[in-house]
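Worksheet: one structure, shown below.
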Amino acid sequence: MNIHIIQHVSFEPAGMIADWAAMREYPVTYTYLFEKEIHWPSVNDIDMLVILGGPMGVYEEDKFEWMRDEKSFVKDMVLAGKIVLGICFGSQILAEVLGAKVYPSKEKEIGFFPVTKTRQGKQDEVFSNSPESWNVFHWHGDTFDLPEDAVHLFESPACKHQVFRKANCTGIQFHPEVDSALLRSMIDNERHELVKAAYVQTEEEILKNDVTEDNRSALYNFLTRLTQ
């Protein structure tokens, strides 16, 4: 299983996804979009693509010159039938590539909040070992419509479309990959967004509620089933 990871900013690495890949001894390569020289691999060399998060929006192509190339690469992966997993901003990139609209959400969602399985989510084999009410870490201000023929798997009061799957593509709006080190890194670099609101926790609340290690087994089970 050759895994390729697209990382948008230096302070949001792959976290527990990288740990899972290392545990299974899967080769992992990276495209770092925050570096001057950006390298895109051959689609034929990849079995699974992971698109990580970032503070940008999919509608900011004029601000981030690499974004058109990224969307084109993701589209090529989808058309080739590869496994594609999008996390937060990555899920929004994937949703747009699959034809859905991405736009600012009515509510920002930052902190630890539960997502709940939909009826279809309860029947989904890939997420069968995930909790029906899963307390996870969020950091997003945008949302998306469901791509055509996608299956809606998880939702929350602040953001209805938390997880979708379509064929070999999975979009996850929250951050299942976050461990304690990544949690601290995101806070240190994006602290300005922690303005207390209905679904935005303070830094103190986030650190007090840190349950990232509790979610490791659920993430590993999901990734293993996704790649079987």
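Say whether the condition of being surrounded by 14 or more Cβ atoms within 10 Å (Cβ to Cβ), acidic (D, E) and more than 23 Å from M16 (Cβ to Cβ) is met by at least one residue in the range 44-62. For the range 44-62, residues surrounded by 14 or more Cβ atoms within 10 Å (Cβ to Cβ), acidic (D, E) and more than 23 Å from M16 (Cβ to Cβ): present. Of the residues making up the range 151-170, those that are out of contact with any helix residue (DSSP H, G or I) (no Cβ under 8 Å at 6 or more places or on another chain) and crowded, with 24+ Cβ neighbours inside 10 Å are C159, Q162. Only residues that are closer than 14 Å to M56 by Cα, surrounded by fewer than 18 Cβ atoms within 10 Å (Cβ to Cβ) and not polar (S, T, N, Q) were counted across the range 1-27, and they come to 1. Picking from residues in the range 121-150 that are in a helix (DSSP H, G or I) and not basic (K, R), the one that is surrounded by the most Cβ atoms within 10 Å (Cβ to Cβ) is G121. Determine whether F112 is of a type outside the set (G, A, S) and closer than 26 Å to V195 by Cβ. Spelling it out, F112 is indeed of a type outside the set (G, A, S) and closer than 26 Å to V195 by Cβ.
Please verify whether L85 is closer than 25 Å to E148 by Cβ and in contact (Cβ under 8 Å) with a residue 60 or more places away in the chain, treating the condition exactly as stated. Taking the combined requirement at face value, the residue satisfies it.
Within the range 161-173, the set of residues being part of a loop (DSSP other than H, G, I, E, B), out of contact with any His (no Cβ under 8 Å at 6 or more places or on another chain) and either aromatic (F, W, Y) or under 23 Å from E107 (Cα atoms) (or both) comprises just one member, Q162.
The strands (runs of 3 or more DSSP E) found entirely in the range 1-120 that carry 1 or more residues being at pLDDT 95 or above and in contact with a Pro (Cβ under 9 Å, 6 or more places away or on another chain) are 3-7, 28-32, 83-87, 102-117. Of all residues in the range 44-82, those satisfying the criterion of being under 20 Å from A167 (Cα atoms), among the hydrophobic types (A, V, I, L, M, F, W, C) and out of contact with any Lys or Arg (no Cβ under 7 Å at 6 or more places or on another chain) are V50, I51, L52, F73, V74, M77, V78, L79, A80. Filtering the range 98-106 for residues that are surrounded by 21 or more Cβ atoms within 10 Å (Cβ to Cβ), under 15 Å from the mean Cα position of the chain (by Cα) and not small (G, A, S) leaves an empty set.
If you scan the range 178-228, which residues turn out to be part of a loop (DSSP other than H, G, I, E, B), under 29 Å from D47 (Cβ atoms) and not β-branched (V, I, T)? Can you show your working first?
Restricting attention to the range 178-228, the residues satisfying the condition of being part of a loop (DSSP other than H, G, I, E, B) are 178-179, 194-196, 198-199, 201-202, 209-212, 227-228.
Applying the additional criterion that residues be under 29 Å from D47 (Cβ atoms) yields 178-179, 212, 227-228.
Correct list: D179, Q228.
Condition test on E204, is it in contact with a strand residue (DSSP E or B) (Cβ under 7 Å, 6 or more places away or on another chain) and acidic (D, E)? Judged against the criteria, E204 is not a match. Number of residues in the range 107-120 that are surrounded by fewer than 24 Cβ atoms within 10 Å (Cβ to Cβ) and either farther than 22 Å from S185 by Cα or without any contact (Cβ under 8 Å) to a residue 60 or more places away in the chain (or both) equals 7.
Would you check if there is a residue in the range 182-192 being modelled with pLDDT under 95 and over 17 Å from the mean Cα position of the chain (by Cα)? Outline the logic, then answer.
At the first step, the residues of the range 182-192 found to be modelled with pLDDT under 95 are none.
Scanning the range 182-192, I find no residue that is modelled with pLDDT under 95 and over 17 Å from the mean Cα position of the chain (by Cα), so the answer is no.
The values are calculated or read from the model by the stated rules, or taken from the named source; none is laboratory data. Note that the structure is a prediction, hence the values are computed from the model and not measured. Every residue, glycine among them, receives a Cβ derived from its backbone with ideal geometry; neighbour counts consider all protein chains shown.
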